[in-house]
Amino acid sequence: MAMSSGPLLIRQLQGAAAAIKTYFNETAYLPCQFINSQNISLDELVVFWQNQEKLVVYELYQGKEKFDNVDPKYKNRNISFDEENWTLRLHNVEIKDQGDYQCFIHHKGPKGLVPSHKMFPPTKLLLSANFSQPEIMEGSNSSSKSYRNLTCSSIQGYPQPEEMYFLLTTENSTIKYSTTMQKSQDNITELYNVSISWSYSGFHDTTNRSIICVLCVSEMCLFSKPYDIAPVPPKTHPPPKDDILWITALSLVIVGVTVFFLVRWKRKKKQPDLSRECQES
């Protein structure tokens, strides 16, 4: 490979730190930002990455992986080097992998290792995990028919949500109900589970209503399926007792009069025609 006769200069890239956003349990691509303009062979270089704690994440020593200097917590990780793009691939990233990463390159010459590249500023790795769709459930401990305990929950997300609330929509309005958000974080994955609760007492309204749960994380909001509440039909009041007696009596009178006229009509129909009999005699 063609090389310059003079010593290699350290290439320290200046500028604002680049942020790389990656989803939990996927692959993070950590650039080295090294421009190999002299086409130096990897067999002549030592390439390694450090995290913000100055722990060695990965080392490629003269074209071969070397684990002597790698921190123990990275030795069993699924890590690979992309030679074409001078990029480190950190697979199955975890929340604890967040932070700054920096690439260093040394050239191995006759007099030992000579620094040739230091990436600055370091790359900042940010992790996120999608929360599940919020779900509204009715609590089994609703002790009164006048209200129901509603709980909305969402699990396995990161970072922690900024806000979580209920929206009550009626025919004429939409009202927001904010309650205290309960949060818990898994000790291993560091992912969050969140929930809110609300005692709703409007189940006897006679209009259509719908309740939606909203979860907002990093300027993005997730919505639950609508929890629809059917209107309660208006109650029909029975007529007063006096009115019932009056209606009953009137009905009996009408029935009696009708029966009376039917009986008279039948009797009249059965009687012989006397005038006709006289004429015949």
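The values are calculated or read from the model by the stated rules, or taken from the named source; none is laboratory data. Remember, it's a predicted structure, so these values are computed and weren't measured experimentally. Using ideal geometry, Cβ is built from the backbone for each residue, glycine included, and neighbour counts are taken over all protein chains shown. In case anyone asks, the SASA skips ligands and DNA or RNA and just uses the protein heavy atoms, side chains included. Shrake-Rupley method; radii C 1.70, N 1.55, O 1.52, S 1.80 Å.
When Lys and Arg each count +1 and Asp and Glu each count -1, what net charge do the other residues less than 14 Å away from D186, Cβ to Cβ, add up to?
After counting each charged neighbour, the total is 0.
How big, on average over all directions, is the shadow cast by the Cα convex hull of region 19-128, in nm²?
Its Cα hull, projected and averaged over all orientations, spans 6.7 nm².
How much accessible area per residue does region 135-229 have, counting only protein heavy atoms and a probe of 1.4 Å, in square angstrom?
Dividing the accessible area of region 135-229 by its residue count gives 60 Å².
How high is the FRET efficiency between Q160 and N208 when r is their beta carbon distance and R₀ equals 22 Å, given to the nearest 0.05?
0.05
What net charge is computed for the residues neighbouring Y61, neighbours being all others with C-beta under 12 Å from the C-beta of Y61, Lys and Arg scored +1, Asp and Glu -1?
-2
Given a Förster radius of 35 Å and the C-beta distance between K176 and K124 as r, what FRET efficiency does 1/(1 + (r/R0)^6) yield to the nearest 0.05?
0.50
On full extension of the chain, what length is gained from V253 through T189, given 0.36 nm per residue of separation minus the C-alpha to C-alpha distance?
Result: 14.6 nm gained on full extension.
Once you put a point 7 Å from the Cα of D100 and another 7 Å from the Cα of S80, both along the Cβ direction, what distance in nm separates them?
With each label placed 7 Å out from Cα toward Cβ, I get 3.0 nm.
Just report the Cα centroid separation between region 14-93 and region 155-202, whole Å.
39
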